[in-house]
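Worksheet: the structure to be examined is printed underneath.
The values are calculated or read from the model by the stated rules, or taken from the named source; none is laboratory data. Remember, it's a predicted structure, so these values are computed and weren't measured experimentally. Ideal geometry is used to build each Cβ from the backbone, glycine not excepted, and the neighbour counts take in all protein chains shown.
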Amino acid sequence: MTDLVVASHEFVALLNALHDRRERLVVRYPYFNLALFEYDPRSGAITHGVSEEALDAAREKYTPAKPKLADDQPAWSDLRDAMLSAGLLRYANHDEAAATLEREAANAANPSNPNPTFLAFDTNALYNRLPDRGLPLDLLTGRMGSFRYVVSEGVLAELDRAIADKYSEADVTSLAAKLHEGRSASWLRGRSFKKGRRAKLGYDAVEAFTKHTRAMRASCEPLATDKETNDRLIAQSYGAFRRAHHADLLLLTSDGDMTRHAQAAGVKSLHLQLPRETAIPQGFVDERTLARFVHDLAVAFGVVHLSGLNARLWGDWSAKTPAHGAAEMLRVDHGGGPVMETFARDVEASRAILRARSVV
Amino acid sequence: MTVLITQEYASEFATLNSLWAAARQRRFVPKDVHVFTPDATTDRARRLVDQIGVALQALGVEKPVIHLVPVKIDDFAAIRNEALRLIKKAQMEARKVAVDVTPGRTVAKLALFDAARSGRPDHVFYLDVAGYDYRDLPYPLVPARIQRARDLSEEGLADD
């Protein structure tokens, strides 16, 4: 097997190699023996998207008994979140939320308003890449420029805590006995659990938007062990920040309970309702969105296969660095063949051309 | 040995991507490239030579030959005559020759086009790209779906 590490935007080169040979991209989750979707690079359309029901059935069949490993198996919510973070789906109340943000932005820009307005993010908003990809208005320019930004240290601690767990030898043995193609589960040894992989995505979102907006940090009490207590602590940290800075603050969250915690802490919130789709939508998807979807899917699921290409895309690997995460990179293992060889050669040539550009 | 006559432009990707598209979509892989440029001594021109070399090597050309051809960029007659001379030379040597009218400033493009009308090269390429979402990226990183390498010699150019 040959391996290369590619950024999500370079994935377009693979779609082009398929396009030239009139072939389709077929993405599978190997450990459930399940085709997730197909994509035709000539029409730009997704077809044969898996349904929630089919994913649930496969999950039930292949999930190990050990609760920690059972929780770790990809679920419909992971697939939905990958669609949401990539921009394939929007929040159920997207238009209403956009209108609220527009109003808040206009209020923040009003010179007669003496208080700065901060946008704050709940952990789930970071998992869904809301600040750097999903906001309905331009984050860095235009009216969104009138906001300031803050992230609670509690949110960062929650992300950090999720990254700790890695697959042990015993975990790999249990998975190998239950999963389809279980023999290849040895690849997982020493890699992060799903929660950790997704938390790294959340960190990437924080890094990306902090860099551009100089977002402030709201200090937070040390976290407890249960989620509800932590949600209250995070809401309270935003409440304390708001009072200390004599500021208006709007917390963006997709957790209904968090909106109540926010209210109790004296913080306004905007509830972003999760989409209710029960299958991957069919139809046109532009290549950038598709590349992000494949990236986020590979991170959430750990690995996806490309049928017919003898290729695996890894969202996590032992040498993955924060820079790889920030650049949305995947590791690709493949067994050669014309499509994968063209892909590798084109990526290398594109990098050389872009490098030459940056030198002069 | 196939010959391509093309131009330098503000964005190198106009030159590079059209060449790449002709190779991928039209199976015309040049081994000998003449790049018209207002100044062959600039870093930009030298960089374009390197970049064309990288693209051609990715397309399987082991030792591409790339010439910078200095021209006055607004001198229609001079550009036309030089392009026509290169077309005729390639034809005399029984080599396949193409002119690319995608990159370049308008007068220079018209001059190349006029040379193509007179010289009747094997191909006259033009790269159609839908939209502006993927500017400043090399051909492999722009969806093939929105890039169409046209050969104007197949679209009535030779009928006049």
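Does A:H261 satisfy the criteria of being in the same structural domain as A:G239 (by TED's automatic domain parsing), assigned to a helix (DSSP H, G or I) and at pLDDT 95 or above?
Numbers: in the same structural domain as A:G239 (by TED's automatic domain parsing): yes; assigned to a helix (DSSP H, G or I): yes; at pLDDT 95 or above: yes.
Here the answer is yes, as A:H261 does meet what is asked.
Have a look at B:D128, B:D136 and point out the one that is of a type outside the set (A, V, I, L, M), under 15 Å from the mean Cα position of the chain (by Cα), outside any helix (DSSP H, G or I) and under 14 Å from B:T15 (Cα atoms).
Numbers: B:D136 fails: under 15 Å from the mean Cα position of the chain (by Cα).
After applying the criteria, what remains is B:D128.
Considering segment A:307-327 alone, what residues qualify as being assigned to a loop (DSSP other than H, G, I, E, B) and surrounded by 22 or more Cβ atoms within 10 Å (Cβ to Cβ)? I'd like the intermediate steps shown before the answer.
Restricting attention to segment A:307-327, the residues satisfying the condition of being assigned to a loop (DSSP other than H, G, I, E, B) are A:307-310, A:315-321, A:327.
Matches in segment A:307-327: A:L309, A:G315, A:D316.
Among (1) away from every other protein chain (no Cβ under 12 Å); (2) within 30 Å of A:R80 (Cβ to Cβ); (3) at pLDDT below 95, where does A:R331 come up short?
Looking at each condition in turn, A:R331 falls short on (3).
Any idea which of (1) assigned to a loop (DSSP other than H, G, I, E, B); (2) within 11 Å of the chain's Cα centre (by Cα) is the one B:S18 doesn't satisfy?
(1)
Consider A:V304 carefully, then state whether it is part of a helix (DSSP H, G or I) and in contact (Cβ under 8 Å) with a residue 12 or more places away in the chain.
Details: part of a helix (DSSP H, G or I): no; in contact (Cβ under 8 Å) with a residue 12 or more places away in the chain: yes.
Considered against the rule, which asks whether it is part of a helix (DSSP H, G or I) and in contact (Cβ under 8 Å) with a residue 12 or more places away in the chain, A:V304 comes out as no.
Scanning for something under 18 Å from A:A162 (Cα atoms) and assigned to a helix (DSSP H, G or I), does segment A:285-296 turn up at least one residue? Walk me through it before giving the result.
Residues of segment A:285-296 under 18 Å from A:A162 (Cα atoms): A:296.
Still in the running and assigned to a helix (DSSP H, G or I): A:296.
For segment A:285-296, residues under 18 Å from A:A162 (Cα atoms) and assigned to a helix (DSSP H, G or I): present.
Out of segment A:223-277, which residues are among the hydroxyl-bearing types (S, T, Y) and out of contact with any Gly (no Cβ under 8 Å at 6 or more places or on another chain)?
To start, the set of residues in segment A:223-277 that are among the hydroxyl-bearing types (S, T, Y) comprises A:225, A:229, A:237-238, A:253-254, A:259, A:269.
Listed by number, the residues that qualify are A:T225, A:T229, A:Y238, A:T253, A:S254, A:T259, A:S269.
Do any strands (runs of 3 or more DSSP E) lying entirely in segment A:1-61 carry at least 3 residues that are away from chain B (no Cβ under 11 Å) and in contact (Cβ under 8 Å) with a residue 24 or more places away in the chain, and which ones are they? Walk me through how you get there before you give the answer.
On the way: elements: A:2-7, A:25-29, A:34-40, A:45-47.
In segment A:1-61, A:2-7, A:25-29, A:34-40 are the strands (runs of 3 or more DSSP E) which contain 3 or more residues that are away from chain B (no Cβ under 11 Å) and in contact (Cβ under 8 Å) with a residue 24 or more places away in the chain.
How about segment A:336-346: which of its residues are more than 7 Å from every other protein chain (Cβ to nearest Cβ), assigned to a helix (DSSP H, G or I) and of a type outside the set (S, T, Y)? Write out each step before concluding.
First pass over segment A:336-346, keeping only residues more than 7 Å from every other protein chain (Cβ to nearest Cβ): A:336-344.
Cutting the leftovers down to assigned to a helix (DSSP H, G or I) gives us A:338-344.
Across segment A:336-346, the qualifying residues are A:P338, A:V339, A:M340, A:E341, A:F343, A:A344.
Can you tell me which residues in segment A:240-262 are buried (at least 21 other Cβ atoms within 10 Å of the Cβ) and among the basic types (K, R)?
Selection gives A:R242 alone.
So which residues in segment B:71-129 are of a type in the set (D, E), touching a helix residue (DSSP H, G or I) at 6+ places or on another chain (Cβ under 6 Å) and modelled with pLDDT of 95 or more, if there are any at all? Outline the logic, then answer.
Residues of segment B:71-129 that are of a type in the set (D, E), as a first pass: B:74-75, B:82, B:93, B:100, B:114, B:122, B:128.
From what is left, the residues that are touching a helix residue (DSSP H, G or I) at 6+ places or on another chain (Cβ under 6 Å) are B:74, B:100, B:114.
Passing the criteria: B:D100, B:D114.
Here's a check for you: in segment A:2-19, which residue that is of a type outside the set (D, E) and under 17 Å from A:A319 (Cα atoms) is surrounded by the most Cβ atoms within 10 Å (Cβ to Cβ)?
Keep residues of segment A:2-19 that are of a type outside the set (D, E), which gives A:2, A:4-9, A:11-19.
Checking the rest, the ones that are also under 17 Å from A:A319 (Cα atoms) come to A:2, A:4-7.
Working: A:T2: 12, A:L4: 16, A:V5: 16, A:V6: 22, A:A7: 17.
Applying the filter and picking the extreme gives A:V6.
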